[in-house]
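The values are calculated or read from the model by the stated rules, or taken from the named source; none is laboratory data. All of these numbers come straight from a predicted model, not from anything done at the bench. For neighbour counting, all protein chains shown are included, and Cβ atoms are generated from backbone atoms with ideal geometry for every residue, glycine included.
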Amino acid sequence: MLNNIILGLLSKKDLTVYDIKIAMDKSIGQFYSSSFGSINPAIKKLEKQQFISCTEYVERSRLKKSYKITKEGEKEYKSWLSSSIQQGRIKDEVLIRIFFLGDSNPQERKKLITNYLDVLKASRKDLENTREEIEKQNLSTKNSEKIKFQVSTLQFGLDYIAFKQKWFQNLLEEL
């Protein structure tokens with residue numbers, strides 16, 4: 001998955017590893033996270049497969065590496081995009097915590113769920129701010145089709161958080 005994410009980001013513009021990490025955090029960070037420790041090996045693998053190429057340059061007395069998708073990388077990315085979408089597993093750590101929450105005392109349960117509701121509220125606010133930033137941008141018709149799917153993903157995140165807020169509020173009321 002990470003390889004395809006990197007190819008997707010590089011299909012838009014050339015990026016350094018740092019820029020890739022920042023782009024991931026800002027765009028898909030709500031539902032997929034990756035560290036520099038996993039991005040770097042993925043970059044090396046993509047380079048070895050000749051799906052990306054590297055250009056080195058010096059900026060402010062520091063050596064930097066910028067990565068660019070190759071024609072073969074574009075083919076691989078397009079192939080992934082056109083492959084069928086599979087149902088994935090829900091990988092939300094909070095579900096594991098809830099599964100075992102019966103092992104804690106009742107006061108601690110309420111406190112943890114109340115705190116988590118605060119976390120959800122902050123996450124929702126962050127996504128709403130992101131949506132406002134996107135809506136303020138003057139988007140060209142060339143990019144509007146691409147952006148539509150990014151905005152749809154953002155809306156999914158908002159809907160998912162709203163669902164979780166309601167579900168956890170109901171759980172808290174049951175306690």
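Against the list (1) in a loop (DSSP other than H, G, I, E, B); (2) surrounded by fewer than 16 Cβ atoms within 10 Å (Cβ to Cβ), the condition Glu72 fails is (1).
Contact annotation: residue pairs with Cβ atoms under 7 Å, 6 or more positions apart or on different chains, pairing a residue in region 45-63 that is on the phi > 0 side of the Ramachandran plot with a partner that is surrounded by 10 or more Cβ atoms within 10 Å (Cβ to Cβ) and of a type in the set (S, T, N, Q), are Gln50/Thr70.
Checking each residue in region 77-93 for being assigned to a loop (DSSP other than H, G, I, E, B) and at pLDDT below 90 picks out Gln86, Gln87, Gly88, Arg89, Ile90, Lys91, Asp92.
The single condition among (1) part of a helix (DSSP H, G or I); (2) surrounded by 11 or more Cβ atoms within 10 Å (Cβ to Cβ) that Gln50 does not meet is (1).
If I ask for residues that are assigned to a helix (DSSP H, G or I) and surrounded by fewer than 10 Cβ atoms within 10 Å (Cβ to Cβ), which ones from region 96-105 would you list? Matches in region 96-105: Phe99, Phe100, Gly102, Asp103. What number goes with the only condition from (1) surrounded by 15 or more Cβ atoms within 10 Å (Cβ to Cβ); (2) modelled with pLDDT of 95 or more that Phe163 does not pass? Condition not satisfied by Phe163: (1).
Scanning region 99-124 for residues that are touching a residue at least 12 places away in the same chain (Cβ under 8 Å) and under 25 Å from Lys26 (Cβ atoms) turns up Tyr116, Leu117, Leu120, Lys121, Ser123, Arg124.
Out of the residues in region 1-47 that are part of a helix (DSSP H, G or I) and hydroxyl-bearing (Ser, Thr, Tyr), state the one that is farthest from Thr70 (Cα to Cα). If you could, list the steps in order and put the result at the bottom.
Filtering region 1-47 down to residues part of a helix (DSSP H, G or I) leaves 2-10, 17-27, 36-47.
Cutting the leftovers down to hydroxyl-bearing (Ser, Thr, Tyr) gives us 18, 27, 38.
Numbers: Tyr18: 20, Ser27: 23, Ser38: 21 Å.
Among those residues, the one meeting the criterion is Ser27.
When region 58-105 is filtered for residues that are among the aromatic types (Phe, Trp, Tyr) and in contact with an Asp or Glu (Cβ under 7 Å, 6 or more places away or on another chain), only Tyr67 remains.
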